[in-house]
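For reference, the structure is listed below as structure tokens.
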Amino acid sequence: MSSLEQYGKVFETDVLVVGGGLAGVNAAIAAAENGAKVTIVDKAAIERSGSMGGGIDHFAAYLETGEQWDTRQAYLAYAGKIARGAVNLRVIDKIYCGELPAAIERLARIGNPLTQPDGTYYRTQSLGQPGPYMINFNGKHLKPRLAKEARRTGCRVLEKVAVTDLLTSDGAVSGVIGFNIRTGEVIVIRAKALVLSTGNTNRLFENPTGLPFNTWQCPADTGAAQSMAFRAGAAVANMEYLRLTVVPKGFSAAGLNALTGMGGKLLNALGEEFMPRYHPAGNKAPRFKLVEGVLFENQSGRGPVFMDCRHLSREDLEHLNRTLGYDKDTLPDFIRQKGVDLSKDLLELMVSEGMQSGPSEVCASGIKIDEECASTLPAVYAAGDCADQTRCCSPTIAGGYAAGKGAAKYAQSVAELRPVDEEQIVNAKERVFAPLKREEGLSHREFEDILRKILWENLGVVRTDGSIRNALSKLDKLEAYKDRLVARNLHELMRVNEAQEMLQVGRLSAVASLHRKETRFGVFHRRVDYPETDDANFCGQIVLQKRQGEVKVTFNPLTYEIPEA
Amino acid sequence: MPPRIDAAKCNGCGTCDRHCPIDVIELDKGKRLAVVKYPDECWHCGSCRLDCKEGAVEIVFPPRMLLV
């Protein structure tokens, strides 16, 4: 028995994937195909975990069909246009464009092709795209199929394990520690290289329905990777952006791009199609513009706002109903139970809860990655919605694979596992399990409610220097209450840990917001004290990194020439 | 809150417990019955219903989501 086994169960692997969502399973398959021994660890089962576990209906891609908009060059130009200041085109070119053909081929190979039953692509245009990039497909069972492929390629899967800390050795990451959420067993995983892919941060801002788990993306995703990687010294970027979307009133469900892509129109209470007043692309404007339109119509007394699909042909309505169910399995149930028939009724809409996620479909926010998906921490790669350049279905499938390849290559260059510092294990165990020992204190729910209120009131759609400083001062006080958090069981212990991850992400978001003295992506970062977009000073990323216990803030300028093919 | 599990149809296989991404459902091994233990933490992804071979899962949205 190694000395580490006195603390819990110990696993050893070449590549460890933390978070087996869409990015994670693709990373695992890549690492296994590139000769690594792979372990995936997830709080749930990789068959259905993550934001696309229950299904997905679209895959954004250019297909080089000869149309002007359907090329790599046009896609990069579009990315640079809708995500200017946040997207790094050199990274996107390498990990998205570079991996796109293989990603399309991989999905077909595992039995989930992007084509319709007749072999053709069904493509729609939405969210600011210059042409119909959205390939509609049935991704209801995409996750189980990818999970099966990961298991077939020999990946070991550890389910129902919450990872709480990265373990470091001489500045490099040597593994992770966590616990089984059902048995409480401590799990230590030693790895030569890691891929972090735990998604974005949800449950972070007050939910308009008062139901904190009624979130657009998976509420189990609470910024684990961003939080752990930052604590271990990794740089994070694009953290200031508040992401919002437009959803059916009452249900924060995916489906907006399906509705607008099929020709759905946004109407205000006066029956006016208002989006052309906000953006030349009207109902097919970028997401941040749709949010702005709905929000401002409501605030101007022209709400509520509705989705109108009544003019669609029967054939298009049938396709829409099908594709909405692929994107969010229960959305057709919701619409039906609400008594709405899209062929004759309007569907009321609302602006969703806020979340930490990228400001556009083509890039994200979180761990800063390079053209190999490597973070600034040796041995650590990142992909999916916790990395600063990949989110949404297709960039995540492509980027996940790139991260797995990078991690496998790195693992091959490392002769043996790095030593594990036992003191770090002792400290992590002590911190993580302390809430189970407390008799009384603050529940995770109360703690989270306070956090959500502070962030929404001060870091929501109206931000000023004063409101951001107010948030930071209140978050400082909340920080002191971490030591009072209680958990009555292991499920609550997982939630307590998630609440602390969310606090960390909230603080990073506030710090980055303070330094971005301009407005960018409309209400996604709306500094009313600096209402203009200031490309001369802020066309780039606010980068945060922990140095000697302090948050070091730097600026990474970005330029938008299209990289050479 | 969704989901609702029909005890008469549930065969206790535990798939919904395993596949729930949020740890909302837990199998009562003694009774061989899946229990929706944390209904207010459900995010309505539908994975439990998609993967239930017995058709024991029904999704029922609460009035709070339908009526507001």
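Averaged over the residues of B:45-56, the number of partner chain Cβ atoms lying within 10 Å of the residue Cβ comes to 5. Note on A:202-215: average number of Cβ atoms from other chains within 10 Å of each residue's Cβ is 3. For A:Glu292, the solvent-accessible surface computed with a 1.4 Å probe is close to 30 Å², ligands and nucleic acids excluded. The B-A contact accounts for approximately 3100 Å² of buried accessible area, totalled over both chains at a 1.4 Å probe radius. The HN-Hα couplings worked out from phi for the stretch A:385-396 by the Karplus form 6.51 cos²θ - 1.76 cosθ + 1.60 (θ = phi - 60°) are 6, 9, 9, 7, 10, 10, 7, 6, 4, 5, x, 6 Hz, whole numbers, x standing for Gly and Pro.
Between the stretch A:320-390 and the stretch A:281-310, the alpha-carbon centres lie 18 Å apart. Among DSSP beta bridges whose residues both lie in the protein assembly as shown, state the antiparallel percentage, nearest 5. In the protein assembly as shown, DSSP labels about 70 percent of beta bridges as antiparallel. Against the compact-protein benchmark of 2.2 N^0.38 Å, the Cα-based radius of gyration of the protein assembly as shown scales to 0.90. Across peptide A:330-340, the mean count of Cβ atoms from other chains lying within 10 Å of each residue's own Cβ comes to 4.
Most simply put, the stretch A:1-137 has about 60% antiparallel DSSP beta bridges, counting only bridges with both residues inside it. The residues of chain A have, on average, 35 Å² of accessible surface per residue, using a 1.4 Å probe with all protein chains present. Computed about the Cα centre, the dipole magnitude for chain A is approximately 540 debye when only Lys and Arg (+1) and Asp and Glu (-1) carry charge, each at its Cβ.
Between their Cα atoms, which of A:Lys140/A:Lys289; A:Lys437/B:Lys37; A:Lys148/A:Lys409; A:Lys368/A:Lys429; A:Lys9/A:Lys160 are more than 20 Å away from each other? A:Lys140/A:Lys289; A:Lys437/B:Lys37; A:Lys148/A:Lys409; A:Lys368/A:Lys429, as the Cα separations exceed 20 Å there. Per residue, the accessible area of the stretch B:4-67 comes to 49 Å², computed with a 1.4 Å probe over protein heavy atoms only. Rolling a 1.4 Å probe over the protein chains gives A:Tyr121 an accessible area of about 90 Å². Each of A:Ala382, B:Tyr38, A:Ala565 was scored by the projection of its Cα onto the charge dipole of the protein assembly as shown, and the greatest displacement toward the positive side belongs to B:Tyr38; charges sit on the C-beta of Lys, Arg, Asp and Glu. Take every pair of alpha-carbon atoms less than 8 Å apart whose residues are at least six positions apart; their mean separation over the length of chain A yields a relative contact order of 21 percent. Of the listed residues A:Asp118, A:Asp316, the order by accessible area with a 1.4 Å probe, largest first, is A:Asp118, A:Asp316. Ordering A:His319, A:Ser49, A:Gly366 by Cα displacement along the dipole of chain A toward the positive end leaves A:Ser49 in first place; charges were set at the Cβ atoms of Lys, Arg (+1) and Asp, Glu (-1).
Over the residues of chain A, the helix contribution to mean residue ellipticity at 222 nm works out to -11000 deg cm²/dmol, using -39500 (n - 2.57) for each DSSP H run of at least 4.
Look at where the Cα atoms of the stretch A:156-184 and of the stretch A:417-440 average out, and the two centres are 11 Å apart. Given a 1.4 Å probe and the protein chains as shown, A:Ser51 ends up with an accessible area of around 40 Å².
Expressed as a whole percent, the accessible area of the stretch A:36-129 that falls on carbon and sulfur atoms is 51 (1.4 Å probe). A protection proxy built from the mean count of other Cβ atoms within 10 Å ranks the segments A:445-451, A:422-428, most packed first, as A:445-451, A:422-428.
Applied to the stretch A:304-315, the Karplus parametrisation 6.51 cos²θ - 1.76 cosθ + 1.60 on θ = phi - 60° returns per-residue 3J(HN,Hα) values of x, 10, 10, 9, 10, 10, 5, 7, 6, 5, 4, 4 Hz, with x for Gly and Pro.
Phi angles of the stretch B:20-37 translate, via the Karplus equation with coefficients 6.51, -1.76, 1.60 and θ = phi - 60°, into HN-Hα couplings of 5, x, 10, 6, 8, 9, 9, 6, 7, 5, x, 8, 6, 9, 6, 10, 7, 7 Hz per residue; Gly and Pro are given as x. Ranking A:Arg145, A:Arg484 by solvent-accessible area of protein heavy atoms (1.4 Å probe, all protein chains present), from largest to smallest, gives A:Arg484, A:Arg145.
Principal-axis analysis of the Cα atoms of chain A puts helix A:72-82 at an angle of about 90° to the longest axis. Indicate the residues belonging to the stretch A:1-50 that lose 20 Å² or more of solvent-accessible heavy-atom surface (probe 1.4 Å) upon moving from the chain alone to the assembly of all protein chains, ignoring ligands and nucleic acids. By number: A:Ala44, A:Ala45, A:Glu47, A:Arg48. The simple spin-label model puts a point 7 Å past each Cα toward its Cβ; for A:Ser300 and A:Thr464 those points are separated by 2.4 nm.
The values are calculated or read from the model by the stated rules, or taken from the named source; none is laboratory data. The model shown is predicted, which means the values in this text are computed figures rather than measured ones. Neighbour counts are summed over all protein chains in view; Cβ atoms, including those assigned to glycine, are modelled from backbone coordinates with ideal geometry. To get the accessible areas, we keep the full protein, side chains included, count just its heavy atoms, and leave off ligands, DNA and RNA. Shrake-Rupley method; radii C 1.70, N 1.55, O 1.52, S 1.80 Å.
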